[in-house]
Amino acid sequence: MGFLSEQPLDLAKLVAQVASPERGGIACFLGVVRDHHEGRAVLRLEYSVYAAMAEAECARVVAEAEAKWEVRVVLEHRTGTLEVGDAAVAIAAAAAHRDAAFAACRYVIEQVKRRVPIWKREAFADGTVAWVDPTGAGKPAERRPDAAPEVPAAPDPAGHTDWGV
């Protein structure tokens, strides 16, 4: 299966690819094009990609997640021009239990953003365009002031989490 697509993404199709009777937890991530970036109105964006390298790196990321946790993971990322509301990236991770599925799903999106050679250029309502750092380097995650503490992304080496599961 290729990881890159010029066609709209279908999360239900990905879920069907990971679902099985022994996997009771399926975690999904769907990244969609938003209408703003750093206070500016966004009209659309364009993903450019070094396809051969991106496909190989996506395969490595998925293999790493499947080696770290007992999960089945699928991933697709759009390329080309996307409009506000279009799905840009979709991930489904399935495991016997939810903690592994959530951890693997989070791991995959973070690694894709850090390592896969896909570049995003945003078109703004004021007519300007700008390339965006895919890693979000130097920017803290947007959190509500009253938000609960963050949970760990993965169990410790003994398989324990702070999640109470």
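The values are calculated or read from the model by the stated rules, or taken from the named source; none is laboratory data. As the structure is a prediction and not an experimental result, all values here were calculated from the model. Don't worry about glycine lacking a Cβ; one is built from the backbone with ideal geometry, like all the others, and counts go over all protein chains shown.
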| note | Checked against (1) without any contact (Cβ under 8 Å) to a residue 60 or more places away in the chain; (2) not in a strand (DSSP E or B), ARG72 satisfies every condition except (2)
| request: Test ARG34 against the stated conditions and say whether it is among the basic types (Lys, Arg) and in a strand (DSSP E or B). | output: no
| task | Starting from residues that are in contact with an Asp or Glu (Cβ under 8 Å, 6 or more places away or on another chain) and under 28 Å from VAL71 (Cα atoms), keep the ones in the range 113-130 and report whichever is surrounded by the fewest Cβ atoms within 10 Å (Cβ to Cβ). | result | PRO117
| Restricting the search to the range 54-73, which residues are within 17 Å of the chain's Cα centre (by Cα) and among the acidic types (Asp, Glu)? | GLU55, GLU57, GLU64, GLU66
| query | When you scan the range 80-165 for strands (runs of 3 or more DSSP E) that lie fully inside it, which ones turn up with 3 or more residues that are at pLDDT 95 or above and charged (D, E, K, R)? | reply | 118-124
| Any hit, the range 20-43, residues being within 13 Å of ILE118 (Cα to Cα), in contact (Cβ under 8 Å) with a residue 12 or more places away in the chain, surrounded by 14 or more Cβ atoms within 10 Å (Cβ to Cβ) and among the charged types (D, E, K, R) | no
| So which of VAL15, VAL61 ends up being among the aliphatic types (A, V, I, L, M) and without any contact (Cβ under 8 Å) to a residue 60 or more places away in the chain? | VAL61
| Just a yes or no: is a residue in the range 45-53 within 19 Å of ASP133 (Cα to Cα), more than 17 Å from the chain's Cα centre (by Cα) and assigned to a helix (DSSP H, G or I)? | yes
| Restricting the range 49-69 to residues that are of a type in the set (D, E, K, R) and touching a Lys or Arg at 6+ places or on another chain (Cβ under 9 Å), the residue that is surrounded by the most Cβ atoms within 10 Å (Cβ to Cβ) | GLU57
